[in-house]
1. Bins of 5 Å, beginning at zero and ending with the bin holding the largest distance: percent of Cα pairs per bin for the range 350-438, please.
2. Computed FRET efficiency, Cβ-Cβ of A341 and N164, R0 41 Å: what is it to the nearest 0.05?
3. Quick one: with all protein chains in place, what share of the accessible area of the range 1-144 is carbon or sulfur, to the nearest percent (1.4 Å probe)?
4. Accessible area per residue of the chain at 1.4 Å probe, in Å²?
5. Rounded to a whole number, what is D in µm²/s for the range 1-114 from Stokes-Einstein with the Kirkwood radius over alpha-carbon pairs (10 °C, 1.306 mPa s)?
6. Using θ = phi - 60° and the Karplus relation 6.51 cos²θ - 1.76 cosθ + 1.60, list the HN-Hα couplings for the range 269-282 in order, rounded to whole Hz, with x at every Gly or Pro.
7. Give me a comma-separated list of calculated 3J(HN,Hα) values for the range 109-122, in order, Karplus coefficients 6.51, -1.76, 1.60 applied at θ = phi - 60°, integers in Hz, x for any Gly or Pro.
8. Straight-line reach from K256: which lysines fall under 16 Å, measuring Cα to Cα and dropping same-chain residues less than 8 apart?
Amino acid sequence: MKVYRGTLVHATKENPMEILRNGVIGVDTSGKILFVKDDDSIENLAVEIGFNPSVHNLTNSQFIIPGFIDTHIHAPQYPNTGTKMDLPLLEWLLAYTFPLEAKYSDLDFARDVYKKVVQKTLSCGTTTASYFATTHKGASMALCDAAESCGQRAHIGKCNIDQNLPEQYCEETDASLRDTEEFINEVLSRKNPLITPAITPRWAGCCTPELMCGLGKLAQKYDLPIQSHMCESPAEVKFVTELFPQYDCFTDVYDKCGIFTNKTVMAHCVYLTEFDVALMKERGVGVSHCPNSNLSLRSGMMDARARLDRGLKVGLGTDVSGGCHPSMLDAIRLAIHTSNAISIQRPPDYRPISYQDAFRMATLGGAEVLALDDTIGNFEEGKDFDALLIDMESPSSRVDTFDFHSIEDLVQQFLFMGDDRNIQEIYVCGQKVAEHGK
Ligand code: GUN
Ligand code: FE
């Protein structure tokens, strides 16, 4: 057993940010949290558990938080990160994104990129990622290999596309479903509890109802999470609405095709009607809020306060490379700033989201939308210890703090000013999987 003693910061069901100042957390050899308390008396602990455990004592500039959960990221788009954001969504997809994704028929190229993206996100503190891969089954398996060898927890989706795209990016419906089921079986046969196949219809605009219904059935057969895009930009909503006149609206298409389940996460959800929100709530569909992407591609500003007030599950996503940064700290900041920007246009009683709300979305909220909240997201007994050891006085990135700063100030400064150099140790299921500078 390992014991960590010092400041613990996490979200609970009731509180977006709970701080245990005298925290003690015990982790067993299988990586599960055995106990969590706010009482650093080690003598009491030794009596309680019947032996003297080896204890990792944190310093005053250190604290432990749950690992970040990126609920929406395109691993194959990593080479384009931070470039090519001069076009709006639909044009951006055709000009830059699909041509890059087509290259993943080359397995060597896929292996090289996927190792880099997993190492990068892990070093930024993403202990769990919900990845889109490409349509290629082999390359999608290479992404599983990369996550597995680096020890990252991941939902990984072979992407499905069967209409409205040039032939070189498009699949035949039957082949797409067959490849997806083979991919699922191959991933499941590895029996790695950290890696889960995710059903990934790219978006309604490039999937036929036949394909989406088939994917909905696969999700049900194997009890799998589903991920897709929805209501991202005005042009994208118009495209889907005109493509499917036989359906009531965008959300109705997904719902009738069996894509809306309580394990479904929909990226963006900027333009939702009252009907959409009610349907998502009824089905238990979660939102992946991707503020960087929504601003970089000028798609719109999602009102996170409105979604939370309606009781929807909300997590954060980097949406690399629509989003120009792979770090969840960036997603946290842009979620707060987007909410602030919205508030400027609203009556004075409008409450933008707080930094605590954004922290919750990056951790427990992410676990909820990925249906992993029984396993990860915060420090509760029985959950896996996925965690980040933060040091504000890391030699390579010191954030100046002063005597009068409270622990809340320290945490807030990490969220607003910190970077990967302050993330000293990274744990997934109790195992140290990365360390800053190593
Ligand atoms: N909609 C369909 N595909 C994509 C994608 O790759 N990125 C974003 N942001 N939206 C999409
Ligand atoms: Fe996306």
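The values are calculated or read from the model by the stated rules, or taken from the named source; none is laboratory data. None of these values were measured; they are calculated from a predicted model. Quick reminder, even Gly has a Cβ in these numbers, built from the backbone with ideal geometry, and neighbours come from all protein chains shown. Surface areas here come from the heavy atoms of the whole protein model, side chains and all, with no ligands, DNA or RNA. Shrake-Rupley method; radii C 1.70, N 1.55, O 1.52, S 1.80 Å.
1. Result, from short to long distances: 3, 13, 18, 20, 21, 16, 7, 2, 0 percent.
2. Efficiency, from the Cβ-Cβ distance: 0.80.
3. On the way: 2900 of 5690 Å².
Roughly 51 percent, rounded to a whole number.
4. Working: 17120 Å² over 438 residues.
Roughly 39 Å² per residue, with all protein chains present.
5. Values: Rh = 18.3 Å.
D, rounded to a whole number, is 87 µm²/s.
6. Those phi angles translate into 6, 6, 10, 10, 8, 4, 4, 4, 4, 4, 5, 4, 5, 4 Hz.
7. 4, 4, 4, 5, 5, 5, 5, 5, 5, 5, 4, 5, 5, 4
8. Reachable lysines: K217, K281.
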